[in-house]
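Colleague: Right, I'll just put the structure down here and ask away after.
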Amino acid sequence: MSGILEGKRILITGVLMESSIAFHAAKLAQEQGAEIILTAFPRPSLTERIAKKLPKPVKVLSLDVSSEEDLAGIADQVREHLPTLDGIVHSIGFAPQDALGGNFLNTPWESVATAMNVSAFSLKSLTMALLPLMPDGGSVVGLTFDAQYAWPQYDWMGPAKAALESTNRYLARYLAERDIRCNLISAGPIGSMAAKSIPGFSDLADTWNHRSPLKWDLSDPEPAGRGIVALLSDWFPKTTGEIIHVDGGLHAIGA
Ligand SMILES: NC(=O)c1ccc[n+]([C@@H]2O[C@H](COP(=O)([O-])OP(=O)(O)OC[C@H]3O[C@@H](n4cnc5c(N)ncnc54)[C@H](O)[C@@H]3O)[C@@H](O)[C@H]2O)c1
């Protein structure tokens with residue numbers, strides 16, 4: 001039986017460790033028949049080391065989404081390996097330490113601006129940088145942490161994710177005429193590098209042990225990876241501007 005991404009070419013950002021959600025999206029995408037290319041930050045060497053654990057060899061390109069120079073060159077670099085793309089995975093988040101962990105009321109704008117640029121605006125800048133490679137439409141998938149709520153410790157990543165969620169809807173609006181769908185997976189907590197950099201993250205994550213209707217495993221990024229692959233596939237053909245929760249159902253539970 002052929003995979004649900006057979007014949008598709010996908011660019012995946014955000015593979016840093018085996019705990020990265022993007023690593024699991026990459027693994028599942030290859031298993032489902034996609035040809036993939038990875039981008040890496042801060043160093044390709046880290047990502048190349050982890051990429052050896054993928055089912056098939058993969059090219060890794062360097063990309064800092066906050067660098068205009070990197071963004072300007074990325075389409076040509078991808079073209080050296082893949083002629084076009086059918087999908088993009090944006091699995092990128094960052095906020096400086098003083099924007100996290102209970103410092104919300106004192107965070108300076110410079111730190112907020114960095115969080116917004118890297119975590120939200122980059123969904124637009126990455127997509128636009130790669131647009132020339134998507135002449136026949138495709139699917140853009142990003143990752144959020146439910147921005148409807150003011151979580152403990154998450155601080156300015158909250159407004160950054162709210163901006164990401166809104167950016168996703170505007171991209172869906174503007175790119176629909178090119179047959180490009182734009183959607184997000186709203187993942188429950190996973191013990192990745194990004195999560196561990198948030199002081200008090202384990203307390204926040206513990207909420208899932210008590211309240212998630214479906215049993216939640218903090219150490220398992222695969223469910224989020226499966227959601228990403230589903231949105232990249234042809235099985236959500238008329239879905240755009242959407243946020244699919246892969247959070248054990250916690251978003252639906254009042255008490
Ligand atoms: N871990 C969680 O609990 C959780 C929950 C919901 C959503 N998310 C989101 O999932 C996505 C992936 O995070 P993860 O949990 O897999 O952690 P991760 O640390 O493995 O991945 C974060 C990635 O962001 C990349 N990145 C940071 N700054 C960058 C820049 N300037 N340019 C390019 N890439 C940059 C890092 O290289 C890293 O690969 C993020 O958007 C994160 O906010 C994570």
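The values are calculated or read from the model by the stated rules, or taken from the named source; none is laboratory data. Just so we're clear, the structure is a prediction, and the values are computed from it rather than from any experiment. For neighbour counting, all protein chains shown are included, and Cβ atoms are generated from backbone atoms with ideal geometry for every residue, glycine included. Calculation scope for accessible area: heavy atoms of the full protein, side chains included, ligands and nucleic acids excluded. Shrake-Rupley method; radii C 1.70, N 1.55, O 1.52, S 1.80 Å.
Colleague: Regarding segment 126-146, can at least one residue be identified that is assigned to a loop (DSSP other than H, G, I, E, B), modelled with pLDDT of 95 or more, within 15 Å of the ligand (Cβ to nearest atom) and buried (at least 18 other Cβ atoms within 10 Å of the Cβ)?
Modeller: yes
Colleague: A follow-up question, please. Just one of 62, 111 is open to solvent by 30 Å² or more (accessible area, probe 1.4 Å) and farther than 26 Å from residue 230 by Cβ; which is it?
Modeller: Being open to solvent by 30 Å² or more (accessible area, probe 1.4 Å) and farther than 26 Å from residue 230 by Cβ holds for just one of 62, 111, which is 62.
Colleague: Please identify the pairs in which a residue from segment 125-154 that is of a type outside the set (Val, Ile, Thr) has its Cβ atom under 6 Å from the Cβ atom of a residue that is modelled with pLDDT under 95, counting only partners at least 6 apart or on another chain.
Modeller: 151/204; 152/204; 153/101; 153/198; 153/200; 153/204
Residues checked against (1) within 14 Å of the ligand (Cβ to nearest atom); (2) open to solvent by less than 20 Å² (accessible area, probe 1.4 Å); (3) over 17 Å from residue 22 (Cβ atoms):
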site	(1), (2), (3)
150	no, no, yes
153	yes, no, yes
159	yes, no, yes
172	no, yes, yes
181	no, no, yes
189	yes, yes, no
195	yes, yes, no
201	yes, no, yes
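Colleague: Hey, another quick one. Only residues that are in a helix (DSSP H, G or I) and of a type in the set (Ser, Thr, Tyr): list them for segment 49-64, please. Full working, then the answer.
Modeller: Restricting attention to segment 49-64, the residues satisfying the condition of being in a helix (DSSP H, G or I) are 49-51.
Result: no residue meets the conditions.
Colleague: Taking the criterion of being closer than 20 Å to residue 118 by Cα, near the ligand (Cβ under 8 Å from one of its atoms) and out of contact with any helix residue (DSSP H, G or I) (no Cβ under 8 Å at 6 or more places or on another chain), would at least one residue in segment 58-67 satisfy it?
Modeller: Looking for residues that are closer than 20 Å to residue 118 by Cα, near the ligand (Cβ under 8 Å from one of its atoms) and out of contact with any helix residue (DSSP H, G or I) (no Cβ under 8 Å at 6 or more places or on another chain), one finds at least one in segment 58-67, hence yes.
Colleague: Considering only residues that are of a type in the set (Gly, Ala, Ser), over 30 Å from residue 29 (Cβ atoms) and either open to solvent by less than 50 Å² (accessible area, probe 1.4 Å) or touching a strand residue (DSSP E or B) at 6+ places or on another chain (Cβ under 6 Å) (or both), which ones fall in segment 95-108?
Modeller: Matches in segment 95-108: 99, 101.
Colleague: State which residue is farthest from residue 253 (Cα to Cα) when the search covers only segment 206-242 and only residues that are acidic (Asp, Glu) and part of a loop (DSSP other than H, G, I, E, B).
Modeller: First pass over segment 206-242, keeping only residues acidic (Asp, Glu): 206, 217, 220, 222, 234, 242.
This time we only want the ones that are part of a loop (DSSP other than H, G, I, E, B), so: 217, 220, 234.
Working: 217: 18, 220: 22, 234: 30 Å.
Of everything passing the filter in segment 206-242, 234 is farthest from residue 253 (Cα to Cα).
Colleague: Residue 5: under 15 Å from residue 140 (Cβ atoms), more than 9 Å from the ligand (Cβ to nearest atom) and either of a type in the set (A, V, I, L, M, F, W, C) or out of contact with any helix residue (DSSP H, G or I) (no Cβ under 6 Å at 6 or more places or on another chain) (or both), yes or no?
Modeller: Judged against the criteria, residue 5 is a match.
One line per residue, one yes/no per condition, for (1) open to solvent by 10 Å² or more (accessible area, probe 1.4 Å); (2) assigned to a loop (DSSP other than H, G, I, E, B):
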site	(1), (2)
15	no, yes
47	no, no
66	yes, yes
76	yes, no
88	no, no
93	yes, yes
